Amino acid sequence: MTFQATIALPLTYPLSFEDKEIRHVIRINATSTEEQLIAGTLDGNEDAFRLIVERYIDEVSRTVTGMLGAGLEIDDVVQEVFIKLHRSLHTFRGESTLKTFVVRIAINKSLDALRKRKRMRWLQPWSHEEPWEPDSGERADQGITDSEDLLILRQAVDRLPENQRAVVVLRLIEQYSTEETARILNVPYGTVLSRLKRGVEKLKKDLRNTTGNHRTGGAS
C-alpha cells in the first residue's frame with residue numbers, strides 16, 4: 001500500500017514567534033533537524049510541515065494499518081493523524097521524540113476508528129506488500145507462512161481487546177522497545193509487559209483453535 005504525503009492543512013494553530021523583532025528565517029530542507037522542522041512549522045513554513053509528513057508517513061501508515069487492517073479507511077485515518085499533528089504541534093514540549101508524539105496520535109486515531117466501527121468489524125487481510133512478520137522469537141505461531149494463514153492471523157489480531165492490540169502492533173509489528181511502547185501509550189512499563197503477555201497468549205490460543213478447526217474441516 002502506497003501513501004502520498006499530500007495532506008491538506010488549515011493554518012489555524014498559534015505561532016511560537018509572536019515577537020516580530022526576534023523572528024528569523026529558518027532554512028528548511030530534507031536534512032533539517034527535527035527541531036528545525038518543528039520551529040519552521042510553528043513559524044508558518046508549510047514546507048517544514050510537508051517534510052515532517054514525508055519523514056513519518058510510512059511509520060504512521062504501518063501503525064494505522066496494523067491497528068485497523070488493510071481497508072479503504074486507512075487513508076482517511078492517516079490524513080486525520082497529520083491534521084491532528086499540525087493542530088497540536090505547538091503543545092509538543094520535547095519530552096519525547098517527535099516520532100513518539102506522532103505515533104501516539106496514530107494509535108489514538110486508530111482507536112477512535114475502531115470504536116466507530118465497533119458494531120461492524122470487518123475482518124480483512126493485510127496487503128500482500130506489507131504482511132506482518134514479527135521476529136522469529138516472538139512469532140505467535142511458527143507455522144504461519146502463506147497468505148491464507150496471514151488472513152487467519154490478521155483476524156486473530158482483530159479479535160484482541162483494543163489495549164492488547166495496540167501493544168502487539170507496537171512491540172511485535174513496529175518493533176518498538178517496551179520502554180518506547182510505554183511512552184507512546186502513556187502507560188507504565190509493567191502495563192506494557194502484562195498486556196503483551198496476555199495478548200500473545202490470546203493469539204496463540206486463538207490461532208491453535210482456528211488453525212486446528214480449519215485443518216480438520218471444522219470437525220470436533
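Since every read-out is calculated from the coordinates, none of them should be taken as a lab result. Keep in mind that what you see is a predicted model, and the values were worked out from it rather than measured. Positions of Cβ are generated from backbone atoms using ideal geometry, with glycine treated the same way; all protein chains shown enter the neighbour counts.
What residues from segment 83-108 fall in the zone where the backbone N is under 13 Å from a label point 7 Å along the Cα-to-C-beta line of E162?
Flagged as within label range: 107-108.
May I ask which of K99/K197; K84/K204; K99/K205; K109/K197 have a Cα-Cα span longer than 30 Å here?
The answer is K84/K204; K99/K205.
Given a Förster radius of 45 Å and the C-beta distance between L151 and R27 as r, what FRET efficiency does 1/(1 + (r/R0)^6) yield to the nearest 0.05?
0.40
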